């Protein structure tokens, strides 16, 4: 039985570690705005204080084994979904003897580390104004039990407790729980929580067929320290001087020679034209201040009807993730191409490509939110 108990504890610890460590790129992206002016998550600290009742599973009536408990925890939310907290809980626990019904009390203090998952943000999306916010947690800790004099006296009077302990004992604890925060304002919420802790079979001094289980029902307040969300601002675009429009050079008019037909004036492109169409953070919409570049490119292509244009989309590697940035750069390039086609530029003259965040043409991150158009 001890082997099974230790295997289960190791499994809980491994799961807690995995939950805390796992933060997928898709979850990170939930902290980004889908357009400027949106509400996005901000990492922050959370402090909670709780009080309630504890029940250690035993053979006597449930009401006879309920005792008071307190808990305080400090946590940090890394993303809208995941956080971690350190908690201290304890006060009093009870054990019981059947026939006759006799109860005895002892004390404990437990330190725990929990990995937390926000269920509402997982299924409904991030919303800092939501009233009801449920969470699930999984953790592990150390339980220090002490002051077991009542059980020692009961054992001495003839009621033999086969797992009796004296002095102070330290036990490994695995735990899981479910809670909710009922939002009052941006910084205060009413906190409700239930959890169960798995402890050594020696915890209540009685011999059982498996580990001892302690259940807690708690109510208290949760305090958000700092800001849990922010409003995004419109990202300024690169100044116009970064856009280079290379000159068109006209050759001198040729003089007609007697006996030969007159040659018309020819115009030759000395260099290709380049336009950089910049975009806001996580947006593929062509903004108003970029429309003049589209107009200039259209006029150039109409003036030289055999010229083709390469439109390549890019995304900033410092935000989002590879999958999202690939789609975003594709959308940026396609939107520029559609703007050209809507003004009469044939589709076979437009070559569309996108690089995601695999190529960063500029050293400044915001410059890489761009579609670069080069004629040839």
Hey, residue 143 under 24 Å from residue 194 (Cα atoms) and in contact with a helix residue (DSSP H, G or I) (Cβ under 9 Å, 6 or more places away or on another chain) or not = no
Counted residues in the stretch 220-241 being outside any loop (DSSP other than H, G, I, E, B) and modelled with pLDDT of 85 or more come to 8
In the stretch 143-167, how many are touching a strand residue (DSSP E or B) at 6+ places or on another chain (Cβ under 8 Å), exposed (fewer than 13 other Cβ atoms within 10 Å of the Cβ) and closer than 21 Å to residue 210 by Cα?
-> 0
Quick one: residue 95 ticks every box in (1) out of contact with any strand residue (DSSP E or B) (no Cβ under 8 Å at 6 or more places or on another chain); (2) assigned to a strand (DSSP E or B) bar one, so which box is it?
-> (1)
Residues in the stretch 36-92 that are under 30 Å from residue 206 (Cβ atoms) and part of a loop (DSSP other than H, G, I, E, B): how many?
-> 5
Selection over the stretch 304-352 where residues are within 29 Å of the chain's Cα centre (by Cα) and assigned to a loop (DSSP other than H, G, I, E, B) yields a count of 8
Report yes if some residue within the stretch 170-192 is out of contact with any strand residue (DSSP E or B) (no Cβ under 7 Å at 6 or more places or on another chain) and over 23 Å from residue 45 (Cα atoms); otherwise report no.
-> no
State all residues of the stretch 107-131 that are modelled with pLDDT of 95 or more and touching a helix residue (DSSP H, G or I) at 6+ places or on another chain (Cβ under 8 Å); if no residue qualifies, say none.
-> 113, 114, 115, 117
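The values are calculated or read from the model by the stated rules, or taken from the named source; none is laboratory data. Quick caveat: nothing in here was measured; it's all calculated off a predicted structure. As a convention, Cβ positions derive from the backbone with ideal geometry for all residues, glycine included, and neighbour counts pool all protein chains shown.
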